[in-house]
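Student: Please find one structure pasted underneath; my questions will follow.
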Amino acid sequence: MTAAERKRRRRALANAIGPNAIAILPAAREVVRNRDVHYPFRQNSDFVYLTGFAEPDAFAVIAPKRKDGEYMLFCRPRDPEREQWDGRRAGVEGATSEFGADQAYPLNELDAVMPTLIDGRERLYYPIGSDAALDAQVMGWINRVRANIRAGATAPETFVTIESVLHEMRLRKSPAEIKQMRRAAEISAAAHRRLMQICEPGMNESRLEAELHHVCAASGARDQAYSPIVGGGPNGCILHYVENRAPLRDGDLVLIDAGCELGGYASDITRTFPVNGRFSAPQRALYELVLEAQMAAIGKAKPGNLWNEPHDEAVKVLTKGLIHLGLLKGKLAELIKEEAHKPYYMHRTGHWLGMDVHDVGSYKHKGAWRAFEPGMVLTVEPGLYLADSDEIPEPYRQIGIRIEDDILITESGNEILSAAAPKDPDAIESLMAGD
């Protein structure tokens, strides 16, 4: 993402909060995995959205109309000894020259400088309640300002969660963001195609996961947006299965839910296909039902329609199909009202997608489902999960199916960003056969 894009975002935030407010946003912290080993560092999405700054333990401040500059960055100073061990730092100099800060300060000056920045502002925006230590730190700054009221200092009286503004901005993607997400989906789709091509009975789930990482990394997407799910047979019925270490059996399906992260933006694709390359008749019947539900739901993802419409459409198609297959009995309208599908389809049909795989943005506005607008990106992912149960006819047992695509709302309808990953059952079989 360009510096100009991030500057535009900071200006939009400043305009949204107004000249009498100030916004404070902390970076992510490093987290210890075990002893002196850290988890791979991933910057807070809100922080990187505004700053592009990828280092931990930093603070960004937006103070509209401030005479000496609206954007300040507090960060770790340069330290050649620590950089020898842990990698390069931008330092205060880089914060201004590389990341566009109007002013930058070393992190150890944060507590001294922040009260002077807060003084005179009526409203304070920050991630309220997200971190008890941060809450305490902010109140410390506020109390220092209050202690100087007799000298003319004024502390903010209104505290607002910064997410209320920032997440609305992130919900609508810019052309640059859409370009990045389109490329992320293309890379992930290529990985899913590759897994279909190499899959065979006896292979371990971990082998497919390893190939997924290889294809994405080789295309420039080193990180996954979330822990990949590679579930063969009954493991595909576990919604968040991540063990990925069981052998793949001849005659089973394998469900793969995986997507890379590229430049801080997520993709999220699920494909389900036969381990041996051929759907059995019961597998195909269930698969085609899920695919029909997904296509019907995608058809509802267009400007002006409400968030819940794709889910309602998917539920209608799945319930009707389950009646046809003998898995549900009764009248369609009554079964939908009773949510009779839930033993077999227990999750929603999608979520927002962006910098986070379950991206920010409310699903309702003033109590009503939000309407789709151009620039929004969501997933559409109906599924059926038929575990090993006496209530399920034997041919349908231990079958888990989910089909998920990344959908961009456009001016005229939608674009399936992940369309390059095959999902037509004949196309899947053809690809797996090497045709």
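Student: Go through segment 222-241 and report how many residues are of a type outside the set (A, V, I, L, M, F, W, C), assigned to a loop (DSSP other than H, G, I, E, B) and in contact (Cβ under 8 Å) with a residue 40 or more places away in the chain. Working first, answer last.
Tutor: Within segment 222-241, the subset of a type outside the set (A, V, I, L, M, F, W, C) is 222-224, 226-228, 231-236, 240-241.
Applying the additional criterion that residues be assigned to a loop (DSSP other than H, G, I, E, B) yields 222, 226-228, 240-241.
Subset that is in contact (Cβ under 8 Å) with a residue 40 or more places away in the chain: 226.
Number of matching residues: 1.
Student: Can you name the residue in segment 292-341 that is acidic (Asp, Glu) and in contact with a helix residue (DSSP H, G or I) (Cβ under 6 Å, 6 or more places away or on another chain) and, of all such residues, is farthest from ASP405 (Cα to Cα)?
Tutor: Here is the first cut: in segment 292-341, the ones acidic (Asp, Glu) are 292, 309, 312-313, 334, 338-339.
Narrowing the set further to residues that are in contact with a helix residue (DSSP H, G or I) (Cβ under 6 Å, 6 or more places away or on another chain) leaves 292, 313.
Numbers: GLU292: 13, GLU313: 16 Å.
Top of the filtered list is GLU313.
Student: Run down LEU208, LEU171 and say which single residue is in contact with a Phe, Trp or Tyr (Cβ under 9 Å, 6 or more places away or on another chain), at pLDDT 95 or above and open to solvent by less than 40 Å² (accessible area, probe 1.4 Å). Can you show your working first?
Tutor: Details: LEU208 fails: in contact with a Phe, Trp or Tyr (Cβ under 9 Å, 6 or more places away or on another chain).
Result: LEU171 is the single residue among LEU208, LEU171 that is in contact with a Phe, Trp or Tyr (Cβ under 9 Å, 6 or more places away or on another chain), at pLDDT 95 or above and open to solvent by less than 40 Å² (accessible area, probe 1.4 Å).
Student: Still on this structure, please answer the following. Could you pull out every one of the strands (runs of 3 or more DSSP E) wholly within segment 57-133 that has 1 or more residues that are surrounded by fewer than 21 Cβ atoms within 10 Å (Cβ to Cβ) and in contact with a Gly (Cβ under 7 Å, 6 or more places away or on another chain)? So that I can check it myself, show each step before the final result.
Tutor: Values: elements: 59-62, 71-75, 103-106, 123-126.
Where strands (runs of 3 or more DSSP E) fall fully within segment 57-133 and carry at least 1 residues being surrounded by fewer than 21 Cβ atoms within 10 Å (Cβ to Cβ) and in contact with a Gly (Cβ under 7 Å, 6 or more places away or on another chain), they are 103-106.
Student: Can I ask one more? Report, ordered by the first and then the second residue, all pairs with beta carbons closer than 6 Å, sequence separation of six or more or different chains, a first member in segment 395-414 that is in a loop (DSSP other than H, G, I, E, B), and a second member that is open to solvent by 10 Å² or more (accessible area, probe 1.4 Å).
Tutor: Qualifying pairs under 6 Å: ARG397/ASP388; GLN398/PRO234; GLN398/ASP388; ILE403/LEU291; ILE403/LYS423; THR410/PRO374; GLU411/PRO374; GLY413/LYS302.
Student: Given the residues ALA333, ALA314, ALA293, ALA266, which is the only one that is among the small types (Gly, Ala, Ser), over 29 Å from the mean Cα position of the chain (by Cα) and at negative phi? Outline the logic, then answer.
Tutor: On the way: ALA314 fails: over 29 Å from the mean Cα position of the chain (by Cα); ALA293 fails: over 29 Å from the mean Cα position of the chain (by Cα); ALA266 fails: over 29 Å from the mean Cα position of the chain (by Cα).
Going through ALA333, ALA314, ALA293, ALA266 in turn, the sole match is ALA333.
Student: Among the small types (Gly, Ala, Ser), in contact with a Lys or Arg (Cβ under 7 Å, 6 or more places away or on another chain) and either within 18 Å of MET169 (Cα to Cα) or open to solvent by 70 Å² or more (accessible area, probe 1.4 Å) (or both), is that true of GLY413?
Tutor: It is false that GLY413 is among the small types (Gly, Ala, Ser), in contact with a Lys or Arg (Cβ under 7 Å, 6 or more places away or on another chain) and either within 18 Å of MET169 (Cα to Cα) or open to solvent by 70 Å² or more (accessible area, probe 1.4 Å) (or both).
Student: Moving on. Return the residue satisfying two criteria in turn: it lies in segment 377-407 and is under 29 Å from MET355 (Cβ atoms) and among the acidic types (Asp, Glu), and of such residues it is nearest to the chain's Cα centre (by Cα).
Tutor: Filtering segment 377-407 for residues that are under 29 Å from MET355 (Cβ atoms) and among the acidic types (Asp, Glu), the one nearest to the chain's Cα centre (by Cα) comes out as ASP406.
The values are calculated or read from the model by the stated rules, or taken from the named source; none is laboratory data. Values in this document were obtained by computation on a predicted structure and should not be read as measured data. So basically every Cβ, Gly included, is an ideal-geometry build from the backbone, and we count neighbours across all protein chains shown. SASA here: full protein model, heavy atoms, side chains in, ligands and nucleic acids out. Shrake-Rupley method; radii C 1.70, N 1.55, O 1.52, S 1.80 Å.
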